[in-house]
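This report concerns only the one structure given below.
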Amino acid sequence: MRIFNVALRDLDAEIFQSENWLRALMLDTKLMEIIAVLWFLTSGLSVMAQDDIIWICDPSETSDIYGGLVQGGITVEDVDGDGRPEILAGSGLQWLYCINGSDGSIEWVFGPTYQRNLKPPQVADINGDGELEVVFCDDKGGVWAVSGRGGWEIWRYFTGRQTRTTPACGDVNGDGEIEVVVTSDSGVFCIDGTEGKPIWHADTGPCGKSSPVIADLDGDGALEIVAKSYGDTVLLNGTDGTLIWQASISLVESAPNGVPAVYDVNEDGVLDILMCGGRNASCLSGTGDEVLWVHPGVGKTTSGLLVADVNEDGRMEAITTTYYDDGHLTCLDASSGELVWKLSWPGLLRYSNPAVADVTGDGNLDLVVGSLDGSLLTVDGKTGALISAFVIEDDIASSPAVADVDGDGLLDVVFGSHNGKLYALRTPTHSDQYEVPWGIFHCDMHNSGVLTVSEGISIPLFGFFLASGLFYVKCVGRLTDAEHSS
């Protein structure tokens with residue numbers, strides 16, 4: 001890896017005086033990255049001092065059997081209960097890493113699993129022992145639960161076919177205990193969180209590339225499961241997995257990539273389902289019988305949709321990353337599907353789900369997302385304008401996380417790359433001054449994909465702790481009393 005430090009004294013010094021948090025460029029020889037560097041040098045955007053990099057973790061330096069691309073999202077959580085956050089990430093060589101947030105050292109490694117682990121792990125107390133467990137899937141169909149404290153195996157379950165998804169956790173059958181819900185190319189599985197035994201299986205068709213969502217769509221106090229398969233979106237009863245409704249491709253073009261989001265876009269008291277399929281973004285009513293809006297031509301996506309008020313206008317937006325020719329970060333009005341703004345980028349924004357947080361310290365929300373040209377982009381949530389970028393030597397396909405990982409009182413951005421390394425970057429935002437709306441993959445352990453920050457209303461986000469303390473937000477998905485205390 002080479003830090004970009006080309007004779008700065010010979011260039012216009014004003015280019016490098018910006019207060020933007022990302023002020024560094026790293027060079028690789030790939031043509032797209034060269035184009036990106038030249039673009040930045042002529043754009044007036046800034047480059048970053050090397051001391052803004054907190055640490056770089058290269059697991060292959062610990063052992064030559066470790067390594068492999070880090071393509072999934074990053075989960076930040078105090079999994080061992082020591083009051084300091086750890087970083088959890090899977091790899092392309094069948095390992096799950098637990099990394100010390102303060103210095104980037106490896107605390108424990110679990111594996112090898114059946115196949116590579118490319119999606120973000122989930123964290124919850126699934127067996128009621130008062131400690132957090134880490135639950136994740138591998139590509140071959142394996143579902144694994146390991147101890148957050150030491151990384152030892154608690155249980156494993158094999159679905160039989162591909163599970164390139166992130167589990168969702170919740171008390172879906174109302175028995176007072178947490179279940180693990182996973183999607184695979186064999187359908188949807190509900191697994192007992194304590195022993196790892198199957199509770200039910202729904203044969204929905206292949207859905208091994210789209211993570212499940214747990215939500216109480218109709219507000220009756222019972223949780224349902226939303227899943228996407230080839231051509232269909234299904235809603236399942238959380239108690240026994242029976243089909244409530246199924247929306248076919250004749251209603252809305254659907255594809256099994258990405259993760260849907262649930263939000264009541266028409267304010268009728270029923271949570272609706274926002275998703276991407278084919279090259280369109282769409283919103284399906286929570287009753288499954290009406291398409292509320294379609295925004296055509298968004299582009300191909302593997303990241304799905306997330307919903308947040310990124311421009312802080314009091315209305316929720318739906319955001320997705322797409323790839324085809326150029327990459328696009330697209331922001332739509334969540335209620336109508338109308339375009340709010342779109343950012344085009346020469347690199348492909350294929351797998352990375354954006355994180356939403358104020359990372360520039362100006363009090364406004366930004367989006368942070370990775371690109372396959374090696375750029376980590378920071379985008380203004382109000383306008384979609386590119387603020388800055390951090391460019392490394394290989395593709396960035398992971399979903400970044402935002403948290404104060406080193407305990408210095410400032411928010412940090414953590415992400416992984418195809419070179420097998422993980423990076424932690426410092427921002428100027430004080431962690432006790434701003435809430436972090438999107439520090440964990442798809443909002444929460446339900447994978448709801450939606451969240452609003454509410455004044456005067458604080459609901460713990462399922463016990464997820466950041467270094468700054470409990471991360472207080474209000475999730476749109478309705479929770480049961482048991483889950484409020486989990």
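The values are calculated or read from the model by the stated rules, or taken from the named source; none is laboratory data. Since the structure is predicted, the reported quantities are computational estimates derived from the model, not experimental observations. When we count neighbours, we look across all protein chains shown, and the Cβ atoms used for this are built from the backbone with ideal geometry, even at glycine. Just the protein is used for accessible areas: all its heavy atoms, side chains included, with ligands, DNA and RNA removed. Shrake-Rupley method; radii C 1.70, N 1.55, O 1.52, S 1.80 Å.
Residues Lys119, Lys197 ordered from highest to lowest accessible area at a 1.4 Å probe: Lys197, Lys119.
Figure note: Lys382, Lys140 ranked by solvent-accessible area, largest first, 1.4 Å probe, ligands and nucleic acids not counted: Lys140, Lys382. When the square roots of the Cα gyration tensor eigenvalues are ordered a ≥ b ≥ c, the ratio a/c for segment 285-408 is 1.5 or more and a/b does not exceed b/c, which makes its shape oblate.
Looking at the square roots a ≥ b ≥ c of the eigenvalues of the Cα gyration tensor of segment 267-316, which shape do they give, rounded for a/c under 1.5, prolate if a/b is larger than b/c, or oblate? Oblate shape, in that a/c is at least 1.5 and b/c is the bigger or equal ratio.
Just the protein heavy atoms count here, and of the accessible area of segment 50-202 at 1.4 Å, carbon and sulfur take up 42 percent. For the set Leu386, Leu88, solvent exposure ranked by accessible area (probe 1.4 Å, protein chains only) runs largest to smallest as Leu386, Leu88.
The spacing between segment 188-207 and segment 380-416, judged by their C-alpha centroids, is 34 Å. Solvent-accessible surface of segment 71-186, taken per residue with a 1.4 Å probe and all protein chains present: 30 Å².
In this view, the solvent-accessible surface of Arg426, computed with a 1.4 Å probe and all protein chains in place, comes to about 60 Å². Assuming charge only on the beta carbon of Lys and Arg (+1) and of Asp and Glu (-1), the dipole of segment 85-151 about its Cα centre is about 320 debye to the nearest 20. Normalised per residue, the accessible area of segment 329-373 is 26 Å², obtained with a 1.4 Å probe and no contribution from ligands, DNA or RNA. Its relative contact order, with pairs defined as Cα atoms under 8 Å and 6+ residues apart, puts segment 59-206 at 15 percent.
Of the cross-linked pairs Lys342/Lys421; Lys119/Lys140; Lys119/Lys197; Lys228/Lys342, which ones have a Cα-Cα span greater than 24 Å in the structure shown? Flagged as over cut-off: Lys342/Lys421; Lys228/Lys342. Annotation: amide H of Ala89 within the under-5 Å range of Tyr97, sequence separation 5 or more or interchain, hydrogens built in the peptide plane. Amide H contacts for Ile126 (H built 1.01 Å from N in the peptide plane; partners 5 or more residues away or on another chain; cut-off under 5 Å): Glu133. Ligands, DNA and RNA left out, the accessible area of segment 338-395 computed with a 1.4 Å probe is 45% carbon and sulfur.
Residues whose amide H comes within less than 5 Å of that of Leu306, counting only those at least five positions distant or on another chain, are Ile319 (H built at 1.01 Å from N in the peptide plane).
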